[in-house]
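The values are calculated or read from the model by the stated rules, or taken from the named source; none is laboratory data. None of these values were measured; they are calculated from a predicted model. With ideal geometry, Cβ positions are generated from the backbone for all residues, glycine too; neighbour counts draw on all protein chains shown. Heads up: the accessible areas ignore ligands, DNA and RNA and are worked out on the full protein's heavy atoms, side chains in. Shrake-Rupley method; radii C 1.70, N 1.55, O 1.52, S 1.80 Å.
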Amino acid sequence: MWTTGKVIERIDWNDKLFSLRIKADVEPFIAGQFIKLSQIRDEKRVARAYSLVNPPGKDYVEVLAVAVEDGLLSPDLQALTPGDSIEVTSKATGFMTLDEVPNGALQGKHLWFFATGTAVGPFISMLATDGPWQRFEKVVLVYGVRLGEDLAYLETIQQFIELHPQQFVFIPIVTREDYPNALSCRIPDGISSGLIEQKAGLGINAEHSQVMICGNPGMITDAQIALVEKGLAKNLRRAPGQITVEKYW
């Protein structure tokens with residue numbers, strides 16, 4: 001289950017937010033899935049789940065993490081530098097994948113990604129695959145953070161814009177300071193008020209929309225309420241709908 005990986009690159013987005021690229025023997029996975037990283041502390045394994053940011057097919061795995069001062073693992077992860085070792089699960093798991101989004105008549109035309117903080121990771125992975133672009137006419141990434149410096153992978157997102165200028169819409173949301181071309185509302189409030197739809201130039205409705213939400217539990221709960229009010233339903237295998245979610249802790 002566990003394999004030893006080696007850090008090959010580290011990216012510091014700010015003093016708390018960072019990414020690690022790790023060379024490790026991980027089985028093939030589906031974009032949107034997660035692995036676990038761990039260290040042995042006081043003869044006990046401390047493990048945490050992290051979504052894979054890289055698309056399938058790379059010869060490394062990449063995770064986005066934030067260092068929490070009293071965290072059991074994240075401060076140690078932030079201290080890692082290239083050449084250091086870290087334990088990694090050899091198999092990714094999770095159901096926050098496009099495979100779980102209904103196909104055919106239930107699919108709709110527009111795919112919406114709603115993320116807060118580090119939960120943007122699985123969506124970056126999906127956007128780097130062919131799946132979203134082949135299945136949907138429009139793909140919208142709504143990415144909410146507190147401060148502008150918390151927006152990671154902006155260069156990668158810009159590449160998606162340049163590769164798919166007619167298909168892709170990026171909506172940053174920065175709640176605690178003014179930021180160019182960003183909204184300042186919470187994601188659920190932006191859904192309820194229509195601000196996000198106005199910014200995207202697209203409506204959110206059961207006929208045309210599939211929505212994937214990943215982030216903090218409070219945002220997910222409130223966003224689902226707002227989406228249900230618009231006529232969407234949670235997507236379940238036994239009852240396909242339009243809202244697919246993954247809580248990030």
Looking at this structure, is ASN181 touching a Leu at 6+ places or on another chain (Cβ under 9 Å), open to solvent by 40 Å² or more (accessible area, probe 1.4 Å) and either in a loop (DSSP other than H, G, I, E, B) or of a type in the set (Val, Ile, Thr) (or both)?
no
How many residues are among the aromatic types (Phe, Trp, Tyr), under 24 Å from ASP189 (Cβ atoms) and over 17 Å from the mean Cα position of the chain (by Cα) if we restrict to region 128-162?
0
Whether any residue in region 133-152 is acidic (Asp, Glu), part of a helix (DSSP H, G or I) and in contact with a Leu (Cβ under 9 Å, 6 or more places away or on another chain) is what I want to check.
yes
Residues being buried (at least 24 other Cβ atoms within 10 Å of the Cβ) and of a type outside the set (A, V, I, L, M): count how many of those fall in region 133-156.
2
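Can you work out which of the residues in region 71-108 that are of a type in the set (Ser, Thr, Tyr) and in contact (Cβ under 8 Å) with a residue 60 or more places away in the chain is nearest to THR129 (Cα to Cα)?
So the residue we want is THR97.
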Residues in region 97-126 that are of a type in the set (A, V, I, L, M), closer than 15 Å to PHE29 by Cα and over 8 Å from the mean Cα position of the chain (by Cα) total 2
List the strands (runs of 3 or more DSSP E) inside region 1-119, counting only whole elements, that have at least 3 residues being open to solvent by less than 70 Å² (accessible area, probe 1.4 Å) and within 30 Å of GLY201 (Cα to Cα).
110-116
Failed condition for VAL245, given (1) within 18 Å of LEU98 (Cβ to Cβ); (2) open to solvent by less than 10 Å² (accessible area, probe 1.4 Å); (3) not charged (D, E, K, R), with all others met?
(2)
Counted residues in region 76-132 being modelled with pLDDT under 95 and of a type in the set (Phe, Trp, Tyr) come to 1
Among the numbered conditions (1) within 25 Å of PHE34 (Cα to Cα); (2) loosely packed, with under 15 Cβ neighbours inside 10 Å, tell me where THR129 comes up short.
(2)
Open to solvent by less than 30 Å² (accessible area, probe 1.4 Å), farther than 24 Å from ASN103 by Cα, in a helix (DSSP H, G or I) and without any contact (Cβ under 8 Å) to a residue 60 or more places away in the chain: which single residue out of ILE171, ILE161, ILE220, ILE196 fits that description?
ILE196
